[in-house]
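J.: Once you've had a glance at the structure underneath, I'll fire off some questions.
What follows draws every value from the coordinates through simple rules; no lab data is involved. Source: prediction; values computed, not measured. All Cβ positions, glycine included, derive from the backbone under ideal geometry; neighbour counts span all protein chains shown.
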Amino acid sequence: MRGFLWLALLPGALAAQVAIETVPVRPLQGSLFRMRVTATAPAPVFELDGSVAGQRLHFRTDDRVIWESLAAVPVETTDSLDVTLVLRGNAPPDTVHTRIAIGAGDYPHETLRVAPSMAKPDSAAQRRIAQELARARAVSHASHDTPRQWTGPFLRPRPGRITSPFGTAREYNGEVTSRHMGTDFAGAIGAPVYATNAGRVALVARFYLSGNVVYLDHGDGLVSAYFHLSRTLVKAGDVVKPGQRIGNVGATGRVTGPHLHWVMRYGTVTVDPMSVLGLLGEMPDSTK
Ligand SMILES: [Zn+2]
């Protein structure tokens, strides 16, 4: 079952008609989803651009009728997402604004009994953290200009157990003070970490909170990152294959023990890595 949203573009009797379909039908908070736009005659569409949640869309088409792009729902989105589409054909460009309904992500809440400011980094560390965030953000921005690097399915970066899922909210006095923005995998120090898919190594660094990190740019806005590594086995500019070993599990940065923290982003929107595997993994959910 798929959701359809039909829009007649006005004004102009010859304007194209557009249907928007999403997979899954109701994308969840903090997830990656697929958007399918059907643009029908009489006005042919030669180029389709757009944005969702401030992130550029990267449409692909075989027939200039059905266009597909990935898009992401920020985890803090409340009930719907703004969509902007720009259709270019031999008529003047048409711009469509609409909204997509989204569903609540079922993320656990942890209630803190101690004030969260207890272990606050000092001002020098805070400046360093801000600079590192800016470097990570630059990787995300650049990925929108990188052509799609992958052809096959996305893979888990580690076999074995997930020790902490994406999205867990930490609450203090009824307010969400932080959220777990990746998926944690078990692993002993030195255990292998694999590239989730083909990409270019965009950044290898030692960060204050995240420890030794590798960021991969998969193109079309998709970025993966691997935190707390004991060792990195690639350097910036390297091209990696799906499943290539890129580093070792470690306990660098701010951690309580060795594990892999795996991050997936669409542009600057961090999504549940499991939603990427569900949509683009080896065994995508066939019911969606
Ligand atoms: Zn984590």
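J.: Tell me which residues come under 5 Å, amide H to amide H, from Ala191 once H is placed; ignore anything under 5 positions away on its chain.
T.: The answer is Val249.
J.: Now, a different point. Under a point spin-label approximation (7 Å from Cα along Cα-to-Cβ), what is the Ala169-His109 distance to one decimal in nm?
T.: 0.6
J.: What are the extents of the Cα atoms of the stretch 138-254 along their three principal axes, in Å, largest first?
T.: Result, largest extent first: 45, 31, 27 Å.
J.: Can I ask one more? What span do the alpha-carbon atoms of the chain cover on each of the three principal axes, reported in whole Å from largest to smallest?
T.: Principal-axis extents of the Cα atoms in the chain, largest first: 63, 45, 39 Å.
J.: Okay, next question. Roughly speaking, what is the centre-to-centre gap between the stretch 72-134 and the stretch 216-253 when only Cα atoms are used, to the nearest Å?
T.: Rounded to whole Å, the Cα centres lie 23 Å apart.
J.: Relative to the present Cα-Cα distance, how much length would full extension add between Asn90 and Ala134 at 0.36 nm per residue of separation?
T.: 11.8 nm
J.: Of Arg137, Arg200, how do they rank once you tally other Cβ atoms within 10 Å and put the fewest first?
T.: Arg137, Arg200
J.: Provide the per-residue ³J(HN,Hα) series for the stretch 73-89, in order, calculated from phi with Karplus coefficients 6.51, -1.76, 1.60 and θ = phi - 60°, each as a whole number of Hz, with x at glycine and proline positions.
T.: Residue by residue, the stretch 73-89 yields 9, x, 5, 8, 4, 7, 9, 8, 10, 6, 10, 10, 10, 10, 9, 10, x Hz.
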